[in-house]
Amino acid sequence: MKPSEIGEAYDQIVHKWTDEKFNRENGVEAHKRALAFLKEGKSALDAGCGCTGRFFDLLIENGLTPEGIDISEKMVELVSEKHPDLNILHADICQWQPSRQYDFITAWDSIWHVPLEEKENLIRKLCQALKPGGVFIFSTGGVDAPEFITDDTMGPTVYYSTLGIPKYLEVIADENCICRHLEYDQYPELHLYLIVQKAD
């Protein structure tokens with residue numbers, strides 16, 4: 001699958017996130033934990049922001065001014081209606097190049113759709129986009145080795161990839177970042193999130 005096809009797939013299933021049954025608390029406690037590591041800062045990026053705007057709301061409540069990027073045109077359209085004052089870009093994050101550094105970056109349930117061959121470069125790019133002391137939270141598959149799978153549980157076929165825990169930790173350390181927290185938050189499901197901080 002091409003990255004654009006991931007965007008098209010999410011355009012088809014955007015209703016899953018706009019339905020009143022969607023749990024808007026998903027990921028919020030993890031983000032509060034990540035924000036607790038941030039000593040100061042104003043700028044934030046939501047990589048794969050989706051359409052709910054719930055992380056935008058949380059970041060704004062904590063004094064940050066977030067930007068967003070998502071590969072789904074429909075997701076960007078809907079979240080832009082909720083947050084018309086924010087800079088939200090419709091783009092492939094693997095092709096996107098940051099023009100600044102951020103105090104806080106989140107990539108919750110999003111960049112696991114990046115092709116495996118591009119995953120390491122993206123993690124490096126996002127770590128490099130952190131200011132000193134900046135915090136990066138992202139979720140991924142909690143396995144030990146690199147893995148690439150396709151799945152049609154949500155309807156359209158999409159792919160998922162992970163570098164595996166040892167490789168993530170290696171890349172993070174190589175980019176002068178420290179893993180502050182690693183948690184299987186939905187165990188026994190292999191849903192893992194990491195909180196990473198750039199060294200001062």
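FYI, it's all coordinate maths here, none of it is from the lab. Quantities reported herein were computed from a predicted structural model and do not represent experimental measurements. All Cβ positions, even for glycine, are placed from backbone atoms using ideal geometry, and neighbour counts span all protein chains on display.
How long are the semi-axes of the ellipsoid equivalent to the range 136-183, from square roots of 5 times the Cα gyration tensor eigenvalues, in whole Å, largest first?
25, 11, 9
What does the convex hull of the Cα atoms come to per residue for the range 1-80, in Å³?
In the range 1-80, the Cα hull volume divided by residue count equals 100 Å³.
Please give me, ordered by residue number, the GluC sites (Glu not before Pro) of the range 103-200 that lie in loop per DSSP and have at most 10 other Cβ atoms within 10 Å.
Within the range 103-200, the qualifying GluC sites (Glu not before Pro) (loop, at most 10 other Cβ atoms within 10 Å) are Glu189.
Given Cα pairs under 8 Å that are at least 6 residues apart, what percent is the relative contact order of the chain?
Computed over the chain, the figure is 20 percent.
Fewest first, what order do Asp57, Asp103, Asp46, Asp19 take by the number of other Cβ atoms within 10 Å?
Going from least to most buried by this count: Asp19, Asp57, Asp103, Asp46.
Size of the dipole of the chain about the Cα centre, Lys and Arg at +1 and Asp and Glu at -1 on the beta carbon, nothing else charged, in debye to 20?
620
Against the globular-protein guess of 2.2 N^0.38 Å, express the Cα radius of gyration of the chain as a ratio, rounded to two decimals.
0.95
Rounded to the nearest 5, what % of DSSP beta bridges with both residues in the chain are antiparallel?
55
Could you tell me the largest-minus-smallest coordinate of the C-alpha atoms of the range 95-160 on each of the three principal axes, in descending order and whole angstroms?
The Cα atoms of the range 95-160 stretch 38, 25, 20 Å along their principal axes.
Over the Cα atoms of the range 104-200, Rg to Rh with Kirkwood Rh, two decimal places?
Here the Rg-to-Rh quotient is 0.97.
Say the cut-off is 24 Å between C-alpha atoms; which of Lys16/Lys167; Lys16/Lys198; Lys21/Lys82; Lys16/Lys42; Lys32/Lys74; Lys2/Lys32 go over it?
Distance filter (> 24 Å) returns Lys16/Lys167; Lys16/Lys198; Lys16/Lys42; Lys32/Lys74; Lys2/Lys32.
When the helices in the chain are scored as -39500 (n - 2.57) per DSSP H run of 4 or longer and the sum is shared across all residues, what 222 nm value do you end up with, to the nearest 500 deg cm²/dmol?
That calculation yields -9000 deg cm²/dmol at 222 nm.
On average, how much area does the Cα convex hull of the range 29-121 cover when viewed from any direction, in nm²?
The directionally averaged projection comes out at 6.1 nm².
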